[in-house]
1. Regarding the stretch 56-122, what's the average projected area of the Cα-atom convex hull, expressed in nm²?
2. Check which residues have an amide H placed less than 5 Å from Gln135's amide H, if you skip close sequence neighbours.
3. Can you find, among Tyr75, Thr133, Ala218, the residue farthest towards the positive end of the dipole of the chain? Put +1 on the C-beta of Lys and Arg, -1 on that of Asp and Glu.
4. How far, in degrees from 0 to 90, does helix 59-72 lean away from the longest principal axis of the Cα atoms of the chain, to the nearest 10?
5. Dividing the convex hull volume of the alpha carbon atoms of the chain by its residue count, what do you get in Å³ per residue?
6. If exposed GluC sites (Glu not before Pro) are those in a DSSP loop with at most 15 other Cβ within 10 Å, what is the longest stretch of the chain that has none?
7. Regarding the stretch 133-234, what's the average projected area of the Cα-atom convex hull, expressed in nm²?
8. What is the order of His6, His92, fewest Cβ neighbours within 10 Å to most?
Amino acid sequence: MTVMEHPDRIFLRDHVISAEIGAFQSERGLDQRLRFNVTVDLRDAVTGSGDHVDNILSYDVLTQAVATALADRRYNLVETLAEKIAAEVLAHPRAATVAVTVEKLDRGPGALGVSIVRDAGRVPVTAAVPDVTVQLFQPGAAAPEGAVVLVPPPSDHHLPRARNARRITLLALDQSAWAVAGGLGIEVAETRTELDAAIRQRQPVVWAPARLAADDPAAGETPADLAAWLSRRLGAG
C-alpha cells in the first residue's frame with residue numbers, strides 16, 4: 001500500500017434518486033427524493049494507473065453502491081442506508097476511506113440527513129459471488145438475457161504461426177467479438193471494469209479477450225480455454 005499524506009480522491013456529488021424510506025407512518029408507501037454525496041480516499045495514487053481503467057476505482061462503483069443499497073431493503077433510517085453504501089464501496093480493494101452523505105429533500109424546508117466517514121478496516125464487508133455465466137457463442141442463437149458473458153468464435157481468416165502468434169489470435173478474437181456484438185445488438189467488454197459493470201447491471205456482453213488474457217499464457221487462446229479461464233476469474237458458471 002502506498003502511503004500518501006494527502007490521498008487522491010474520487011467522488012459522486014448531488015446524485016438524486018427517489019425511493020421509499022422513513023420510520024414514520026406518513027413516509028410509508030410514498031417515494032421521496034434522496035440526495036447522495038460519496039467521496040472515496042484511494043489507497044494508491046492515480047498516477048500509477050497507466051491510463052488503464054482496470055487500475056483505478058471506477059466511478060461506477062459509487063453509483064452502483066447506492067443502487068445496490070437501495071435495492072437491498074426498505075430503510076427506516078438514512079443512517080442505516082449510509083452504512084450500507086459505505087460497506088459496498090469499501091468492498092473494493094482500492095478504497096481506503098469513504099465519506100457518505102444521505103439527505104432527504106422532501107421532509108422539511110431544507111435538506112435533512114446524515115454524513116458518515118468509514119475506514120476499510122472498520123467496516124465488515126462480504127464479497128458476493130457474482131451471479132454470471134460465461135458461454136461460448138453459438139452461431140444463429142439470439143442475444144442472451146441477464147448477466148451472460150459470450151466468448152466469440154475464432155476468426156475465419158488464416159492466421160500466421162509466428163513468435164507472436166498467440167497475440168495475433170487473441171486480436172483476431174477481438175475482431176470477432178465486435179462482429180458478434182454488432183449482430184446481436186449488445187456491447188463489447190474488453191476490461192475487467194467493463195465486465196463487472198455489465199454483471200452488476202445484469203446485461204449480456206461479448207468479451208474481447210486480448211486486453212485481459214494476452215499477458216497470461218495460462219488463459220490459452222482457444223475460445224473454450226479462454227471461457228474456462230474467465231469463468232475462474234469471475235467465479236462464474
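1. On the way: hull surface 19.2 nm².
Over all viewing directions, the stretch 56-122 projects a mean Cα-hull area of 4.8 nm².
2. When sequence neighbours closer than 5 places are left aside, the close amide H contacts are Val149, Leu150, Val151.
3. Tyr75
4. For 59-72 against the chain, the angle is about 60 degrees.
5. Details: hull volume 36.1 nm³, N = 237.
Taking the convex hull of the Cα positions in the chain, it is 152 Å³ per residue.
6. 21-144
7. Working: hull surface 23.8 nm².
Taking a quarter of the hull surface, the average projection is 5.9 nm².
8. Numbers: His6 7, His92 20.
Fewest-to-most ranking of His6, His92: His6, His92.
Readers should treat all values here as calculations from the given coordinates under stated rules, not as data from a laboratory. Computed from a predicted structure; not experimentally measured. Cβ coordinates were reconstructed from backbone atoms using ideal geometry, including for glycine residues, and neighbour counts include every protein chain displayed.
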